[in-house]
Amino acid sequence: MTTPSSAHHPTPGADTTPGADTTTERPTTEPHSTRTARAHSFNTAAARYAANRPSYPPALFDAIEDLAGHPLPGSRVADIGAGTGIATALLNARGADVVAVEPGDGMAAQFRRTLPTVPIIRGTGDDLPLATASLDFVTYAQAWHWTDPARAVPEALRVLRPGGALALWWNTDALDVPWIAEAAARTGRHFGIDISAEKRNVNARAADPTGRLDFTRRTVRWSRRVPVDTHLANLATHSVFLVHDEEHTASFLADEREHLLSAFPDGSVEEVYEVVLLLAKTKP
């Protein structure tokens with residue numbers, strides 16, 4: 001649980017120079033330049049991100065408490081890569097004493113508009129601006145894959161108290177639902193990506209290639225019903241859309257609207273998700 005002597009760890013409330021931004025996409029093995037572009041793409045879409053991205057079900061936080069072996073209420077929590085505060089707000093509502101860490105200008109600004117009373121610190125998971133052994137939980141809601149695990153794992157262990165927990169989770173598409181599988185295939189063809197492969201990369205080995213952490217995995221299935229326009233707006237805030245030119249993205253969204261309205265003539269779709277949770281506890 002030691003940290004390199006060259007690392008700088010400001011106390012909570014300090015400001016740090018922002019590094020790579022966060023996102024909600026799944027872990028990938030793409031080239032570094034592409035990954036960096038995707039990571040930085042969210043700051044220009046922060047308001048749309050906050051308005052259209054899905055939240056998380058109460059059962060996820062039940063699972064976190066169950067696997068960690070202690071409750072969130074009253075616990076000291078740092079939500080890393082907090083983005084616009086979707087997960088932070090739920091942790092706060094659960095009764096946790098939560099601080100957010102976020103590197104991106106646009107995302108942090110939107111966070112402050114949404115959660116003006118929750119503290120937010122500028123920083124990244126690779127060099128956490130938090131005190132050693134100060135936290136009961138460190139959480140990453142769809143942000144861990146923008147870290148360098150070789151740096152982020154020791155940092156999480158450094159700031160966690162004995163018996164604390166690192167919780168990572170991702171909303172992934174339920175590809176066993178026919179219309180979602182068909183939509184994913186269309187997205188893959190248009191943008192040259194493999195949605196199912198990205199989902200398979202949500203696992204303990206990808207999260208910690210060194211095998212230092214003993215992760216327990218749990219999946220929570222949930223859904224939300226939204227207008228087609230909200231669904232399309234949600235898609236448009238994903239980095240694979242944001243890094244392509246507007247014409248390329250707009251043509252896909254126009255075609256996708258036709259597909260969806262043909263399948264859902266009432267204009268309402270049920271998005272089905274499987275939240276994949278990986279949780280590792282530190283030694284007491």
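The values are calculated or read from the model by the stated rules, or taken from the named source; none is laboratory data. Just so it is clear, the model here is predicted, and its values are computed rather than measured. Cβ placement follows ideal geometry from the backbone for every residue including glycine, while neighbour counts extend to all protein chains displayed. What goes into the accessible areas is simple: the full protein's heavy atoms, side chains included, and nothing from ligands, DNA or RNA. Shrake-Rupley method; radii C 1.70, N 1.55, O 1.52, S 1.80 Å.
Annotations for the structure displayed:
- Among the residues listed as LEU91, LEU168, LEU157, the single one being under 22 Å from ARG212 (Cβ atoms), of a type in the set (A, V, I, L, M, F, W, C) and surrounded by 24 or more Cβ atoms within 10 Å (Cβ to Cβ): LEU168
- Of the residues making up region 234-245, not a single one is in a strand (DSSP E or B) and either surrounded by fewer than 18 Cβ atoms within 10 Å (Cβ to Cβ) or within 16 Å of the chain's Cα centre (by Cα) (or both).
- Candidates PRO209, PRO265: the one that is without any contact (Cβ under 8 Å) to a residue 12 or more places away in the chain and either over 24 Å from TYR49 (Cβ atoms) or open to solvent by less than 70 Å² (accessible area, probe 1.4 Å) (or both) is PRO265.
- Looking only at region 120-154, and only at residues there that are in a strand (DSSP E or B) and open to solvent by 20 Å² or more (accessible area, probe 1.4 Å), the one that is farthest from SER55 (Cα to Cα): ASP127
- Test result for THR230, outside any loop (DSSP other than H, G, I, E, B), at pLDDT 95 or above, β-branched (Val, Ile, Thr) and farther than 17 Å from THR172 by Cβ: yes
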